[in-house]
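Report on the following structure.
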Amino acid sequence: MHGGMLVNMHNTQNMQRIYTGAIILIMLLALGLRLYYVWSETYEPLEWDQLEYTKLAIQWLEQGIYAYRDTVPNTLVTPGWPAMLYVMYGLFGYDPLEPTLMIIRTLNCFINVVAIWFIYKLGVRLFHPAVGLLAALFAAVYPSYIWSTSLILTEVPFLTLFTAFLYMQVKIIQENRPRDHLVMGLLLAACVLIRPNVLPLAIVPYLFLWVIHRRLFVAQIVRGAGAFALLMLPWWIRNAVTFHEFIPIAKGEAGNPFLGGTDPYFRGTIDWTQVDEQHQFQQGLERIKRGLKEEPWLWIKWFTVGKFKVFYRTLWVGPYQNFVPAVYFSLLSKLHYAIVYIGWTALPVFSFFHRSFAYLTVSLLIFYGVHALFIPVDRYLYGMLPFLMLGTAQVAVMGLRWLQSLLDRSAVNSRRNG
């Protein structure tokens, strides 16, 4: 009996070494793909959001004014990404700008690989190490994740913090240790300071704990909320001192994409010359109310099926499509649609039978629901992909196991008949 236990332990240790070696190889592959692209690409001058974030950081450095697209203080964007740029431009300079931009792009490559590690760890905790490895491989080669490392945007640091946040949520559901609530609260705040749309996901682990144990863990909720507030406090104090009001996240920037999302199928029904920039959110609500009265089916279809199709029908890849061979990019496109359609089909179906699927489904639906309120663009898919990659990877592993069992039974039957 002891001998059998030792053999099992030895086999387990061997498998663990194999899994560890495999994820290291996948992460090295991911890092190589990202660095090769970032160092080989040629770059146009910054524009749009990349330029505005850079202008904000430099103005903040030179004048001490935190203002997005303005020269007077505002709260249009949360300070997570601008603060990182503030540090980078402060350390490495910005005249000329391009050398520091290349340092940021290179750093992005390493930050992005950390997200792949957390996707792997999520797969291990939710399903099996093989699932984590396959999901990590998806993330390693997925074109949006590679291209994004070349951009001076929020996506890369957000994804790493977001996957770490999801990992802590799963740990809380499975183990419910007091320390994990503190860490999750800090990670939630770090995510919100970069991209606030993650905030509604804060309820997910406590929803699952209630379903499992049929009670609220008030002390743990308070602990997590306290950690969240601690990291948010400097931003809240700055807003209170500057604007004499409590501004918990950001104010004013959400109205434009919300209003933009009230133009069904982009038919050009919004006269932007008549839009009041200070009341875009209210104008968007009025358009929805009027649309549901006048053309209810069109508007219902737009906010459900229509926006869904727009999110997923194209890949957010920029010039990366032309950087790689056409045949390779065709394979990446097929991978994209496989992840999307298998993931979206499997997650809700298997949620009825498997709690891990249920966690991914609930989280994805909340996250998607937040994005569906706004203008649908393929860029917003970025944070939804880990859920779909994990779901698709589990389906693939289940399929391989089923195929292996068929082959084993076939071999047994052949030996009997022989």
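The values are calculated or read from the model by the stated rules, or taken from the named source; none is laboratory data. All values reported here derive from a predicted model rather than from experimental measurement. Glycine gets a Cβ as well: all are built from the backbone with ideal geometry, and neighbour counts include every protein chain shown. For accessibility, only protein heavy atoms count, side chains too; no ligands or nucleic acids. Shrake-Rupley method; radii C 1.70, N 1.55, O 1.52, S 1.80 Å.
How many of the residues making up segment 172-195 are in contact with a Pro (Cβ under 9 Å, 6 or more places away or on another chain) and either hydroxyl-bearing (S, T, Y) or open to solvent by 10 Å² or more (accessible area, probe 1.4 Å) (or both)?
So the count comes out to 5.
Being touching a residue at least 24 places away in the same chain (Cβ under 8 Å) and surrounded by fewer than 19 Cβ atoms within 10 Å (Cβ to Cβ) is the filter here; which residues of segment 204-214 pass it?
Correct list: L207, L209, I212.
Report every pair of residues separated by at least 6 positions or lying on different chains whose Cβ atoms are under 7 Å apart, first residue within segment 117-134 and over 16 Å from T361 (Cα atoms) and small (G, A, S), second open to solvent by less than 40 Å² (accessible area, probe 1.4 Å) and modelled with pLDDT under 95.
A130/V397
Can you pull out the residues in segment 215-248 that are hydrophobic (A, V, I, L, M, F, W, C), touching a Leu at 6+ places or on another chain (Cβ under 9 Å) and under 21 Å from H181 (Cα atoms)?
L216, F217, A227, F228, L230, L231, M232 - these are the residues of segment 215-248 that are hydrophobic (A, V, I, L, M, F, W, C), touching a Leu at 6+ places or on another chain (Cβ under 9 Å) and under 21 Å from H181 (Cα atoms).
Does segment 37-60 contain at least one residue that is within 30 Å of P129 (Cβ to Cβ) and among the hydrophobic types (A, V, I, L, M, F, W, C)?
The answer is yes, given that some residue of segment 37-60 is within 30 Å of P129 (Cβ to Cβ) and among the hydrophobic types (A, V, I, L, M, F, W, C).
Please go through (1) in contact with a Pro (Cβ under 6 Å, 6 or more places away or on another chain); (2) within 15 Å of F308 (Cα to Cα) for T361 and return the number of the only condition it doesn't satisfy.
That leaves (2) as the condition not met.
Within segment 325-332, identify whether any single residue is within 15 Å of F138 (Cβ to Cβ), open to solvent by 60 Å² or more (accessible area, probe 1.4 Å) and of a type outside the set (F, W, Y), and answer yes or no.
The answer is yes, given that some residue of segment 325-332 is within 15 Å of F138 (Cβ to Cβ), open to solvent by 60 Å² or more (accessible area, probe 1.4 Å) and of a type outside the set (F, W, Y).
Suppose we filter segment 316-346 for residues that are outside any helix (DSSP H, G or I) and aromatic (F, W, Y); how many remain?
1
Could you tell me whether L46 is over 20 Å from the mean Cα position of the chain (by Cα), part of a helix (DSSP H, G or I) and either touching a residue at least 12 places away in the same chain (Cβ under 8 Å) or crowded, with 18+ Cβ neighbours inside 10 Å (or both)?
The answer is no for L46.
Sort out which residues of segment 305-315 are open to solvent by less than 70 Å² (accessible area, probe 1.4 Å) and either in a helix (DSSP H, G or I) or touching a Phe, Trp or Tyr at 6+ places or on another chain (Cβ under 7 Å) (or both), and write them in order of number.
Correct list: G306, K307, F308, V310, F311, Y312.
Counting just the residues of segment 89-103 that are outside any loop (DSSP other than H, G, I, E, B) and in contact (Cβ under 8 Å) with a residue 24 or more places away in the chain, which one comes out surrounded by the most Cβ atoms within 10 Å (Cβ to Cβ)?
Of everything passing the filter in segment 89-103, Y89 is surrounded by the most Cβ atoms within 10 Å (Cβ to Cβ).
I need the full set of residues from segment 253-279 which are open to solvent by 20 Å² or more (accessible area, probe 1.4 Å) and at pLDDT 80 or above, in order please.
Quick first cut of segment 253-279, residues open to solvent by 20 Å² or more (accessible area, probe 1.4 Å) only: 253-254, 256-257, 265-279.
Within segment 253-279, P257, Y265, F266, R267, G268, T269, I270 qualify.
Out of the residues in segment 348-367 that are within 17 Å of the chain's Cα centre (by Cα) and free of Cβ contacts under 8 Å to residues at least 60 places away in the same chain, which is farthest from K289 (Cα to Cα)?
T361
Could you please find all residues in segment 222-234 being open to solvent by 60 Å² or more (accessible area, probe 1.4 Å) and either touching a Phe, Trp or Tyr at 6+ places or on another chain (Cβ under 9 Å) or touching a residue at least 24 places away in the same chain (Cβ under 8 Å) (or both)?
Scanning segment 222-234 gives R223, L230, L231.
For segment 52-75, which positions are open to solvent by 20 Å² or more (accessible area, probe 1.4 Å) and among the small types (G, A, S)?
Correct list: G64 only.
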